[in-house]
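Here's the structure we're looking at; comments come further down.
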Amino acid sequence: MSHYAIGDVQGCFNTLEKLLKKINFNPKADQLWLCGDLVNRGQASLETLRFVKSLHENKNKISPIVTLGNHDLHLLAIHFGAVKSKVSDSLKHILNAPDRDELLSWLLQQPLFYQDTDLGYCMTHAGIPPQWSIKKTKKYAHEVEIQLRGKHAKDFFYNMYGNEPSTWENSLEGWDRLRLITNYLTRMRFCSPTGKLEFASKGYPKGCPKDFIPWFESPERDKDQLHVLFGHWAALQGVCPHPNIFALDTGCVWGNQLSALRLEDQKWFRCKNHEID
């Protein structure tokens, strides 16, 4: 059995199929770890969701691990009427699908954070805030997951958007607390050494704004962690200078590559997206 961690698919289902063929993926023996942003911008978001959900529901196949990304949450927010679809969104096929409710009910059940201590890995869409340990990350992520899976999911999405607060305090409560947890785990790229978020910059680490650094460069970060898997940051192109942190997003939806990391030996597999060349 092999475990493959795959970066942001974002509706590039044809490229996902090619990558799975390249790694000789066997759904009865191998497990996929998908770091979030299954949907949006690519033109086959519906097919991507249906495929991943089918792996989860087939008793003869090994269920994938999926952590929610910001685009997945955006889709759910549209579904609940909290926001309207953007011009740049490519989600209409999901929203008009006859199995929309089943697909999005399944998506709501997926976590923001996952860990496997036996394998020695954890995964979240954007990363782990420098002031949180693995134990705290799991605890705080679960606070949001409870809301997503409960009776007040709609209320969560009506209060999810916003950049404030931007710095963690244990005393935070209510929607402010849940919003910041969500922003850390699904939107974070740059932050201050103590974890204050900066949302305007999306480029290379060398171009980071003054007084901010990539989250994984913080001296406050807990170094005694499991291997960390994350996506979200396409500009990194899969390059992270820390040996125990793996950047999975290699910009497939922008015409670059979709990447898979085999967790057992940390070997990379990549497949070029030719759809928008």
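Points to keep in mind about this one:
- Only beta bridges with both residues in the chain are counted; by DSSP, about 60 percent of them are antiparallel.
- Label point distance in nm, Glu169-Glu17, each placed 7 Å from Cα along Cα→Cβ: 5.2
- Residues of type aspartates and glutamates that Lys136 reaches as a straight line, Cα spacing below 18 Å, ignoring anything fewer than 8 places off in the same chain: Asp116, Glu145, Glu169, Glu173, Asp176, Glu220, Asp222, Asp224
- Efficiency of FRET between Ser105 and Trp254 - r from beta-carbon atoms, R0 45 angstrom, step 0.05: 0.90
- Qualifying lysines (Cα of each under 27 Å from Cα of Lys92; at least 8 residues distant if same chain): Lys18, Lys53, Lys84, Lys151, Lys154, Lys202, Lys272
- For the range 1-147: rounded, prolate or oblate by the Cα gyration tensor [a/c cutoff 1.5]: oblate
- Potential lengthening of the chain between Gln43 and Val83 amounts to 12.3 nm, from the contour at 0.36 nm per residue minus the alpha-carbon distance.
- In plain terms, the chain from Asn244 to Lys61 could stretch by 63.0 nm, reckoned as 0.36 nm per residue minus the Cα-Cα distance.
- Cut-off of 10 Å, at most 12 other beta carbons, DSSP loop: longest stretch of the chain lacking such trypsin sites (Lys or Arg not before Pro): 87-150
- Spacing of the two label points (7 Å from each Cα toward its C-beta) at Ile146 and Asn26, in nm: 4.2
- Ser218, Ser171, Ser105 arranged by Cβ crowding within 10 Å, fewest neighbours leading: Ser171, Ser105, Ser218
- If you take the Cα centroid of the range 116-183 and the Cα centroid of the range 20-42, the two points sit 24 Å apart.
- Build a GNM of the chain with springs between Cα atoms under 10 Å apart, and of Gly255, Gly231, Gly69 the one that fluctuates most is Gly255.
- Selected from Asn96, Asn40, Asn26 as most flexible by GNM, with the chain as the system and alpha-carbon contacts under 10 Å: Asn96
Each reported figure results from applying straightforward, stated rules to the coordinates on display, with no laboratory input. This one's a predicted model, so the numbers in the text were calculated from it and none came from an experiment. Every residue, glycine among them, receives a Cβ derived from its backbone with ideal geometry; neighbour counts consider all protein chains shown.
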